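The structure under discussion appears below in the form of structure tokens.
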Amino acid sequence: MIAKEQISTVMDHPVYDADGNKIGEAKHVFFDDVTGQPEWVSVKTGLFGMNESFVPIREASVVEDHLEVPYPKDKVKDAPNVDVDAGGHLSEEEEHRLYEHYGIAWDEAWEQANQPGDTGWAHTGQTGMTDTSASPGMSPGVSGDDAMTRSEEHMHVGTERREAGRARLRKYVVTEDVQQTVPVRHEEVRVEREPITDENRGAALSGPDISEAEHEVTLHEERPVVETEAVPVERVRMTTEEHTDQETVRGQVRKEEIDTDGVDDEQDRRGML
């Protein structure tokens, strides 16, 4: 647990988990109304610090210029959302939910707060000031003068770049059946007979009168021959195009309002002039 004197070192400084992961920035320290000791610290988390998570400070320690808590970053960011009332106090139900989230025994914490001599279970009060010597009974957010500061939250919206998907080019081989008709030629034997004439008589009588003979003719034909060759036909590449869409972001912001007691509307209007 940190001491009151260390609060100035904690406020608006980084908060880390035990593994060295930054959780966010410390915003407020909440004190136990009975013991007066720091009990909770609220941490601004998320994009632009739009979320505020509560984490027990009883086992936290101040390391150099930051606060270190024994809870993982995701555990703190997933803590139940609580709405601190106008008096800057956590209700008993809200503290119960936070104790359960961090695995702290509720009965043990309740008994410690209700030991004999105590005034009973007390809510945890808030301070955003680094000075803890304020006079008893002074409400949070009220300084020593007679003026009251009214604050409000502003929402800041930005963008972050993240991976939305991947696309790739992949080349693979497929086999297709193709058909093409080509003309082919072949030779066939045709027997020709011619009568003996004066022109061919010499050739006809050049051999023996009676004999055996044989004559052979070689026939030819054409057959289809298939050959393939790889030729480039096109080049393919991927490019990216950036498109701008409009998205509406909704959130909740808090602001303080100041009412007056004992002052009529006419006096209030004159005071605004």
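Per-structure values
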item	result
Unit charges at the beta carbon, dipole of segment 1-84: most positive-side option, 56, 70, 80	80
Cβ-Cβ FRET estimate between residue 96 and residue 35, R0 fixed at 22 Å, reported to 0.05	0.75
Sorted by Cβ neighbour density within 10 Å, fewest at the top, the residues 82, 253, 62	253, 62, 82
Sites residue 153 and residue 242, calculated FRET efficiency, Cβ-Cβ separation with R0 30 Å, nearest 0.05	0.40
Calculated FRET value between residue 230 and residue 186, using beta carbons and R₀ = 45 Å, to 0.05	0.85
Ranking of 77, 22 by count of other Cβ atoms within 10 Å, fewest first	22, 77
Distance in nm between pseudo-label sites at residue 264 and residue 218 (7 Å out along the Cβ direction from Cα)	13.6
Euclidean distance between Cα centres, segment 194-267 to segment 1-67, Å	67
Projected label distance in nm at residue 12 and residue 164, using a 7 Å step from Cα toward the beta-carbon	3.8
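Just so you know, all these numbers are worked out from the coordinates, no wet-lab data involved. Treat the numbers as computed from the prediction; the structure is a model and nothing was measured. Note that we place each Cβ from the backbone using ideal geometry, even for glycine, and neighbour counts take in every protein chain shown.
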